[in-house]
Amino acid sequence: MTNTTSHDFVVSERNGIAENRHEIHAAVVDSTGRLLLSLGNPSRLTLIRSAAKPLQALAVAESGALERYGFDEADLALVCASHSSEDRHVARARAMLGKARNAEESLRCGGHPSIMPGIHRDWIRRDVVPTAVWSNCSGKHAGVLAAAKAIGADVADYHLLGHPVQARIADVVGDLSGLQSQEIQ
């Protein structure tokens, strides 16, 4: 359970015990960028992280990869999402890689424990070492790999900032946020 307080932080609890405390930095602006309301430091640079996945998915869609490789709505949903490493998620990520003829080894997201405690415990019991396809962002990475291939770019370094597919993602972020490319880090 996550509770908010009247302070500028959020406390997440596990079994009634405070586990983490996260400071809040938020800004509410109007369509011109004028600050209407803030909490914490509204100018603090932060990482958009998984909230960027729908923007990244838009760049994947604009690349033509969805049509070229026959991705369906469920594939697109996985590009937009963080998954919990359930078998159906891993199977879908693998199917997406297969549709675009990309290898699992091409994923650059790295493996990590499942965010689902039950799945993680099961992996420990079965001595599973999660690879990149089990990562909660493997669907997004499978989509970005497909986009790189669809635009004729090398897939080996699709995850690096200088890659053409990353430039397309930055363009989408800029178009939707009103930021200039040099403002996007």
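The values are calculated or read from the model by the stated rules, or taken from the named source; none is laboratory data. Quick caveat: nothing in here was measured; it's all calculated off a predicted structure. Note: ideal-geometry Cβ built from the backbone for every residue, glycine included; neighbour counts use all protein chains shown.
Considering each of V133, V60, V79, V129 in turn, give the residue that is among the aliphatic types (A, V, I, L, M) and at pLDDT below 95.
Only one candidate passes the filter, namely V129.
Give the stretch 130-185 a look and list any residue that's closer than 20 Å to L97 by Cα, assigned to a loop (DSSP other than H, G, I, E, B) and over 14 Å from the mean Cα position of the chain (by Cα), or say none.
If the condition is that a residue be closer than 20 Å to L97 by Cα, assigned to a loop (DSSP other than H, G, I, E, B) and over 14 Å from the mean Cα position of the chain (by Cα), then P130, T131, I151, G152, A153, D154, V155, A156, D157, Y158, L160, H163 are the ones that fit.
Among the numbered conditions (1) touching a residue at least 12 places away in the same chain (Cβ under 8 Å); (2) more than 24 Å from H120 (Cα to Cα); (3) surrounded by fewer than 17 Cβ atoms within 10 Å (Cβ to Cβ); (4) not β-branched (V, I, T), tell me where L76 comes up short.
Just one mismatch for L76, condition (3).
Scan the stretch 137-152 residue by residue and report those that are surrounded by fewer than 19 Cβ atoms within 10 Å (Cβ to Cβ) and either hydrophobic (A, V, I, L, M, F, W, C) or touching a residue at least 12 places away in the same chain (Cβ under 8 Å) (or both).
I151
Quick test for you: out of W123, W134, pick the one residue that is among the hydrophobic types (A, V, I, L, M, F, W, C) and closer than 20 Å to A74 by Cβ.
W134
Looking at the stretch 106-121 only, could you name the residues that are over 22 Å from A95 (Cβ atoms) and not in a loop (DSSP other than H, G, I, E, B)?
Within the stretch 106-121, P117, G118, H120, R121 qualify.
Considering (1) closer than 24 Å to R49 by Cβ; (2) outside any helix (DSSP H, G or I); (3) basic (K, R), say which one R101 fails and leave the rest.
(1)
Determine which single condition A61 fails, assuming it passes every other condition in (1) under 20 Å from the mean Cα position of the chain (by Cα); (2) in contact (Cβ under 8 Å) with a residue 40 or more places away in the chain.
(2)
Of the residues that make up the stretch 47-56, is at least one surrounded by 20 or more Cβ atoms within 10 Å (Cβ to Cβ), touching a Leu at 6+ places or on another chain (Cβ under 9 Å) and among the β-branched types (V, I, T)?
No, the stretch 47-56 has no match at all.
Give the stretch 80-121 a look and list any residue that's within 19 Å of the chain's Cα centre (by Cα), at positive phi and exposed (fewer than 15 other Cβ atoms within 10 Å of the Cβ), or say none.
G110
Please work out which residue is farthest from Q185 (Cα to Cα), limiting yourself to the stretch 8-40 and to residues that are touching an Asp or Glu at 6+ places or on another chain (Cβ under 9 Å) and part of a loop (DSSP other than H, G, I, E, B).
Checked the stretch 8-40; the qualifying residue farthest from Q185 (Cα to Cα) is D8.
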